[in-house]
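For reference, the structure is listed below as structure tokens.
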Amino acid sequence: MTRMNQAFFLLAIAAFLLLASCDGQTKGKASMADTIALTPCPSFSADSAMLYINEQCNFGPRVTGSEAAQLCGDYIAERFRQFGAEVEEQTANVTIWDGTQLPARNIIARINPGNPDRILLCAHWDCRPWADNDDDEANWHTPILAANDGASGVAVMLEVCRLLQQQPAKVGIDLICFDAEDLGTPQWSEDRLGSSDTWCLGSHFWAERARANGYKARFGILLDMVGGRGATFSREGISMQVAEPIVNKVWQMAGQLGYRQFFPLRNGSHITDDHVNVNLIAGIPCIDIIPYYSDGPSSFGPTWHTIQDTPENIDTNVLKAVGQTMTQIIYNE
Ligand code: AHN
Ligand code: ZN
């Protein structure tokens with residue numbers, strides 16, 4: 001190509017791109033390319049969220065039914081009340097893979113409870129009793145501190161609650177802390193493949209009561225392990241099947257807020273998690289924000305179900321990306 005032809009060629013491409021983008025705007029079709037108008041909203045403090053992670057972890061591992069769980073559950077409920085929410089607790093005995101029965105406790109915080117137009121945020125607050133994915137076999141029966149796999153989601157919800165007290169949103173919000181999520185059959189158990197699935201027991205009894213009571217919310221968002229260093233969040237498979245418009249809205253919002261690096265436009269695998277019960281039993285379309293690590297020993301990250309799941313391995317930048325995205329989603333409703 002001559003210099004002249006080259007210049008003309010580049011000009012033609014530029015003109016085409018310009019026309020293509022104008023076309024998208026003038027038609028105003030709802031597509032991923034459109035920008036969402038942002039309602040002014042408060043700044044999510046990742047430092048407060050980090051404080052709430054530390055406060056939970058200071059109780060030690062909050063294994064379902066333990067004394068640490070009793071104390072930490074009281075702490076979580078008290079913080080929600082302090083931030084102006086109405087708190088309800090639900091208890092049930094759950095049976096785990098080896099037949100052990102444990103008393104489980106879901107903690108539900110309602111903001112603007114009189115508003116019939118509601119959205120739901122949820123996370124589990126219990127800690128896995130066994131670090132069964134640890135490199136060192138000596139730790140396989142040690143409970144984890146669960147800074148990420150437990151405390152992080154609750155911390156984001158607490159900070160969102162604090163912000164909503166300072167500056168009310170239009171929509172009503174339910175913040176649900178599920179107990180007994182992380183009691184699935186340990187990897188070291190011999191009946192690992194034979195026994196039934198005992199993950200997500202707290203969300204199971206919450207969802208059955210929600211269905212029985214006719215509980216309604218427009219949609220739900222599950223926050224699972226939302227603070228790990230190096231985390232990126234792929235579009236989880238079940239979320240895509242049952243609530244794709246919500247996935248698109250959240251990923252679009254994250255991109256607009258400058259957090260695309262944490263929320264890449266990439267599909268992840270299908271994960272058994274609390275959102276399945278919210279979807280299939282309570283009938284509320286619910287997505288799961290859960291990390292996907294493409295390299296390393298676990299797709300959930302290097303600290304997953306290890307004794308390394310501690311506050312030192314939390315990255316406040318990840319908390320900020322998730323928390324600010326959630327905040328903007330809420331104020332935009
Ligand atoms: C499974 O490993 C099948 N699901 C992950 C659910 C989970 C455990 N989330 C946190 N801990
Ligand atoms: Zn876990």
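The values are calculated or read from the model by the stated rules, or taken from the named source; none is laboratory data. What you see is a predicted model, and the numbers here were worked out from it, not measured in a lab. Virtual Cβ from ideal backbone geometry, glycine too; neighbours counted across all protein chains shown. Quick note on the areas: whole protein, heavy atoms, side chains included, nothing else; ligands and nucleic acids left out. Shrake-Rupley method; radii C 1.70, N 1.55, O 1.52, S 1.80 Å.
Quick one: go through the range 307-326 and flag any residue whose amide nitrogen is under 15 Å from the point 7 Å out along the Cα-to-Cβ line of ASP136.
Hits in the range 307-326 for ASP136 at 15 Å: 307-310.
Please check: in the Gaussian network model of the chain (C-alpha springs, under 10 Å), which one of GLY84, GLY323, GLY153 has the largest mean-square fluctuation.
Maximum fluctuation in the GNM of the chain, among the listed residues, is at GLY84.
Quick one: with all protein chains in place, what share of the accessible area of the range 34-176 is carbon or sulfur, to the nearest percent (1.4 Å probe)?
Working: 2720 of 5580 Å².
Taking all protein chains in place, the range 34-176 shows 49 percent carbon and sulfur surface.
Given springs between every Cα pair under 10 Å in a Gaussian network model of the chain, which of ALA231, ALA282, ALA169 has the largest fluctuation?
Fluctuation is largest for ALA169.
Around PHE59, which amide H atoms from residues at least 5 apart in sequence, or from another chain, sit under 5 Å from its own amide H, with H modelled in the peptide plane?
Residues meeting the amide H criterion: none.
Kindly report, to the nearest 10 Å², the accessible surface of TYR259 as traced by a 1.4 Å probe over protein heavy atoms only.
Here the residue's solvent-accessible area equals roughly 40 Å².
If you add up the charges near LYS249, with Lys and Arg at +1 and Asp and Glu at -1, over every other residue whose beta carbon is less than 13 angstrom from its beta carbon, what do you get?
Every neighbour counted, the sum reads -1.
Skipping prolines and chain starts, which residues have an amide H placed within reach, meaning under 5 Å, of the one on ARG235, given they are 5 or more residues away or on another chain?
HN-HN under 5 Å from ARG235: ARG266, ASN267, GLY268.
Determine the gain in length on full extension of the stretch GLU86-LYS216; use 0.36 nm per residue of separation and subtract their C-alpha separation, reporting nm with one decimal.
That works out to 45.1 nm of additional length.
Per residue of the range 289-303, in order, report the coupling 6.51 cos²θ - 1.76 cosθ + 1.60 (Karplus, θ = phi - 60°) as ³J(HN,Hα) in whole Hz, putting x for Gly and Pro.
So the Karplus estimates, Gly and Pro as x, are 9, 9, x, 10, 9, 7, 10, x, x, 9, 5, 8, x, x, 9 Hz.
Given a Förster distance of 25 angstrom, what is the FRET efficiency for ASN267 paired with ASN54, based on the Cβ-Cβ distance and rounded to 0.05? All intermediate terms of the calculation are to be shown ahead of the outcome.
On the way: r = 34 Å, r/R0 = 1.36.
Approximately 0.15, to the nearest 0.05.
Kindly provide the helix-only [θ] at 222 nm of the chain, computed as the sum of -39,500 (n - 2.57) over DSSP H runs of four or more divided by all residues, to the nearest 500 deg cm²/dmol? Don't jump to the answer; show the numbers that get you there.
On the way: 8 runs with 125 residues, N = 333.
That calculation yields -12500 deg cm²/dmol at 222 nm.
Return the Cα extents of the chain along principal axes one, two and three, sorted largest first, each rounded to a whole Å.
78, 49, 35
Mind checking which aspartates and glutamates have their C-alpha under 13 Å from LYS170, skipping anything on the same chain fewer than 8 residues away?
Cross-link targets: ASP117, GLU333.
Tabulate in residue order the Karplus-calculated ³J(HN,Hα) for the range 311-324, using 6.51 cos²θ - 1.76 cosθ + 1.60 with θ = phi - 60°, rounded to whole Hz; enter x for Gly and Pro.
x, 4, 9, 8, 10, 5, 5, 5, 4, 5, 4, 6, x, 5
Which far-off residues, 5 or more places away or on another chain, put their amide H under 5 Å from the one on ALA146, with H placed in the peptide plane?
ASP309
Residue by residue through the range 120-135, which ³J(HN,Hα) values in whole Hz follow from phi under the Karplus form 6.51 cos²θ - 1.76 cosθ + 1.60 (θ = phi - 60°), with glycine and proline marked x?
My calculation for the range 120-135 gives 10, 10, 8, 6, 8, 10, 7, 10, 5, x, 9, 7, 6, 9, 5, 4 Hz in order.
Calculate, for the chain, the solvent-accessible area per residue in square angstrom, rolling a 1.4 angstrom probe over the heavy atoms of the protein chains.
44 Å²
Angle between the Cα long axis of helix 46-57 and the longest principal axis of the chain, 0 to 90 degrees, nearest 10?
Once rounded, one gets 20 degrees.
Please identify every one of the chymotrypsin sites (Phe, Trp or Tyr not before Pro) in the range 148-226 that sits in a loop by DSSP and has no more than 12 other beta carbons within 10 Å of its own beta carbon.
TRP188
Antiparallel as a % of all DSSP beta bridges within the chain, to the nearest 5? Let's see the in-between values first.
On the way: 17 of 32 bridges.
Bridges in the chain that DSSP calls antiparallel: roughly 55 percent.
Straight-line reach only, C-alpha to C-alpha below 14 angstrom: list the aspartates and glutamates that LYS320 could link to, leaving out same-chain residues fewer than 8 apart.
Candidates past the 8-residue exclusion: ASP47, GLU159.
Pick from ALA210, ALA138, ALA109: which is most flexible by mean-square fluctuation in a GNM of the chain where alpha carbon atoms under 10 Å apart are linked?
For the chain, modelled as a Gaussian network with Cα springs under 10 Å, the answer is ALA138.
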